[in-house]
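The values are calculated or read from the model by the stated rules, or taken from the named source; none is laboratory data. Model, not experiment: these values are computed from the prediction. Using ideal geometry, Cβ is built from the backbone for each residue, glycine included, and neighbour counts are taken over all protein chains shown. Note: areas computed on protein heavy atoms with side chains; ligands, DNA, RNA excluded. Shrake-Rupley method; radii C 1.70, N 1.55, O 1.52, S 1.80 Å.
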Amino acid sequence: MIGVRPRRSALFLPASNARAIEKARTLPCDVVILDLEDAVAPAQKAAARDAAVAAVQAGGFGARELVVRVNAPDTPWGVDDLAALAGTTADAVLLPKVDVPARLVTARATLGQGLALWAMIETCRGVLALSAIVASAAETGLAALVAGTNDLGRELRCRVGPDRAPLLPALSQIVLAARATGLIALDGVINTLDDQAAIAAECRQGRDWGFDGKTLIHPAQIAAAHAAFGPSREEVAAARAVLAAFDGREDEGAIRVEGRMVERLHLEEAQRTLALAGMIAGSA
């Protein structure tokens, strides 16, 4: 199981934009994703790769988790992206359009050991292959599933409204697969930039569905993601009450806490909630 760590906000930034990379070192996001794929034009791919490697080597991202999204291995740039990142101090490599475990196996062979792999699930084939993909985690070092909602919606040819109802079956499967194998699950991006109410609503929706955090495309979306995916004051208070109630009663399976029955599974979740809240407070 992946250790508890805040991943409320995972901000995509084009690796070709030096100013954006420098700004990322000061933003309050939990995860910085330097993008070599969608955000970079073909003519800039090689330069963006060099810039991403230089940024990783230079560091300065503090407690932020640093991830690089590479191009798919079957593109003209993918293998070179992986080879350039092998042995660097990035926290993870995000692989796009993962639809079979073989993509992860190939990426691992090129990267060598060390860096975790994150997988974009953004195709119909990828959703259908989730069981096989997560089953390869021990072999490939897969640590996270990231929903690629824009690509998935395009491939499904569905009409995605504010409720994202057509995507719910796929998103639920991503969360289910992640939870079954102890992986991180990150919700897809929202393309809205100026409507803070809409951004907040979609972040809350992702949290309600069980995601650990949300991928973002603009710093203006960070605050809403943190509000939705961080434990609320009420959740922290409830977790403390459960922890206190079990103190000295660790051998009991179920006890009464503030008018409701709680079991050991609630104790474990309370411990996770408090650990996450403590890490968020420590990084503030």
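Some points to look at:
- Residue within region 168-190 that is out of contact with any helix residue (DSSP H, G or I) (no Cβ under 6 Å at 6 or more places or on another chain), on the phi > 0 side of the Ramachandran plot, assigned to a loop (DSSP other than H, G, I, E, B) and not small (Gly, Ala, Ser) present: no
- Close Cβ contacts (under 7 Å, 6 or more residues apart or on different chains) running from residues in region 256-284 that are under 22 Å from residue 9 (Cβ atoms) to residues that are modelled with pLDDT of 85 or more and of a type in the set (Asp, Glu) comprise 273/235.
- Just one of the listed residues (40, 127) is touching a residue at least 40 places away in the same chain (Cβ under 8 Å), open to solvent by less than 50 Å² (accessible area, probe 1.4 Å) and either within 30 Å of residue 166 (Cα to Cα) or over 18 Å from the mean Cα position of the chain (by Cα) (or both), and it is 127.
- Among the residues of region 1-29, those that are open to solvent by less than 30 Å² (accessible area, probe 1.4 Å) and either in contact with an Asp or Glu (Cβ under 9 Å, 6 or more places away or on another chain) or in a loop (DSSP other than H, G, I, E, B) (or both) comprise 6, 7, 8, 9, 10, 11, 12, 13, 15, 27, 29.
- Pairs, first closer than 15 Å to residue 121 by Cβ and of a type in the set (D, E, K, R) in region 83-106, second assigned to a loop (DSSP other than H, G, I, E, B) and open to solvent by less than 50 Å² (accessible area, probe 1.4 Å), C-beta under 7 Å, six or more apart: 97/72; 97/122; 97/123; 99/123; 99/129; 103/73
- Taking (1) at pLDDT below 95; (2) closer than 30 Å to residue 169 by Cα in turn, residue 238 satisfies each apart from (2).
- Residue pairs meeting the criteria (Cβ under 7 Å; at least 6 apart or on separate chains; first on the phi > 0 side of the Ramachandran plot and part of a loop (DSSP other than H, G, I, E, B), in region 138-160; second among the charged types (D, E, K, R) and open to solvent by less than 70 Å² (accessible area, probe 1.4 Å)): 141/108
- Qualifying residue in region 38-55 (condition: within 25 Å of residue 141 (Cα to Cα) and polar (S, T, N, Q)): no
- Hits in region 233-262 (condition: loosely packed, with under 13 Cβ neighbours inside 10 Å and of a type in the set (Asp, Glu)): 234, 247, 250, 251, 252, 258
- Members of region 46-89 that are closer than 13 Å to residue 33 by Cα, open to solvent by 30 Å² or more (accessible area, probe 1.4 Å) and β-branched (Val, Ile, Thr): none
- Candidate set: region 195-230, residues that are polar (S, T, N, Q) and out of contact with any Leu (no Cβ under 9 Å at 6 or more places or on another chain); chosen: the one surrounded by the fewest Cβ atoms within 10 Å (Cβ to Cβ): 196
- Looking only at region 151-165, residues that are surrounded by fewer than 20 Cβ atoms within 10 Å (Cβ to Cβ), in contact with a helix residue (DSSP H, G or I) (Cβ under 8 Å, 6 or more places away or on another chain) and not charged (D, E, K, R) come to 5 in all.
- Exclusive hit being touching a Gly at 6+ places or on another chain (Cβ under 9 Å), open to solvent by less than 20 Å² (accessible area, probe 1.4 Å) and either within 20 Å of residue 97 (Cβ to Cβ) or modelled with pLDDT under 95 (or both), set 141, 148: 148
- Region 90-121: number of residues that are in a loop (DSSP other than H, G, I, E, B) and either open to solvent by 20 Å² or more (accessible area, probe 1.4 Å) or more than 15 Å from residue 178 (Cβ to Cβ) (or both): 10
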